[in-house]
Each structure stands twice: as C-alpha cells, then as structure tokens.
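In what follows, a single structure is set out as structure tokens and then discussed.
The values are calculated or read from the model by the stated rules, or taken from the named source; none is laboratory data. This structure is a prediction, so every number in the text was calculated from the model and none was measured. Cβ coordinates were reconstructed from backbone atoms using ideal geometry, including for glycine residues, and neighbour counts include every protein chain displayed.
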Amino acid sequence: MGTITRLLTGLLRHVDRLSYVLIVVTMAAMAGLVSAQVFMRYVMGSSIDSADELSRLFFVWAIFLSIPQGVKFGIHVGIDLLVAQFGEHTRALLARAMAGFGAVLMAVVLYAAIIATSDKWQELMPTLNMTAAVYYIAVLICAAHSLLHLINQLLLGPEAVHRESF
C-alpha cells in the first residue's frame, strides 16, 4: 500500500468514527424530540412548534451520514448475477472500474450539492431561525465522504471493502 492510500485510509478511519458518532447523536436527538413531542401533545395538551421540522432535519442528516458507511462496506443494492460468473481477477477489475465510475458520479453529486447549498443559504426554515441549506449540507457531506471511499476502493480494489468492521 502506497503513501497516498495509507493516508487516505487513515483519514477515512477518523472520518468514519466521527460519522458513527454523529449518526448516533442525530438518531438519539430525533427519537428524543419525537418522544418529547408525543408527551407534550398527548399529556400536556401543548406542542413543540419546531418538532416536525427538527425531527425531519435529524432524520435527513442520519440518512445522509449513513450512506457512506454503506459505500464503505459495499452493502448497497447490487445485482451480481453476471459478475459472479467471472474469475477473481476480472471481478477485481470490474470492482475498480465501478468504483471509478461511482466516484465520477459522486463528484457530480458533490458539485450539485455545493451549488444547491449556496442557492439555499439565504432561505430560512419556517419554524427555526436557521438556513434551509442545512438539508443540503448533509448531502454535501455525504457526497464528499462517499467520494473518498470510492477513491479508496478505486486505488486499493476489492480489499478496500470490508477492511474494517464497526
């Protein structure tokens, strides 16, 4: 493994750990907020004005923070009926080619997320004094994190997938 791949793998290890923590925090915040909203509504006869918007925001962030973890482990939906018929060397070449293709597509998503984030920056959310771009920031982070994993898979090949467990 070369210097660049070692550095990239080390960087990804730290980013993945931070991502795991943020996923747990956003899921806990969403569950806590929804529970508090249910309590307030049905027990106290009141409501938290921003609960719907905040819980949706936490949900979106949890989902988009989780996507790169699926990319890392190669657990997203795929059909390998034809690929399974090839030899190991051909499968490794196809895996690198698909990682490269996926990296190009993820770079396009990252670029679009940057544009969308900057376009929405001036808009505020209806019930929160916060920019509406926070939804797009989650997509931006997801795309950048996924892009790094795909580049790592392109450089290392199939051994980059399933290298490290949770």
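What to note about this one:
- Remark: ARG96 matches the filter, which requires a residue to be closer than 16 Å to LEU147 by Cα, touching a residue at least 24 places away in the same chain (Cβ under 8 Å) and part of a helix (DSSP H, G or I).
- Yes/no for LEU155 being closer than 24 Å to HIS76 by Cα, modelled with pLDDT of 95 or more and buried (at least 17 other Cβ atoms within 10 Å of the Cβ): no
- Boolean, ALA51 is within 18 Å of the chain's Cα centre (by Cα), surrounded by 15 or more Cβ atoms within 10 Å (Cβ to Cβ) and farther than 17 Å from VAL139 by Cα: no
- Residue count for segment 1-50, restricted to those that are outside any helix (DSSP H, G or I) and of a type in the set (Asp, Glu): 1
- Screening VAL108 against (1) aliphatic (A, V, I, L, M); (2) within 19 Å of the chain's Cα centre (by Cα); (3) surrounded by 13 or more Cβ atoms within 10 Å (Cβ to Cβ) leaves a single unmet condition, (3).
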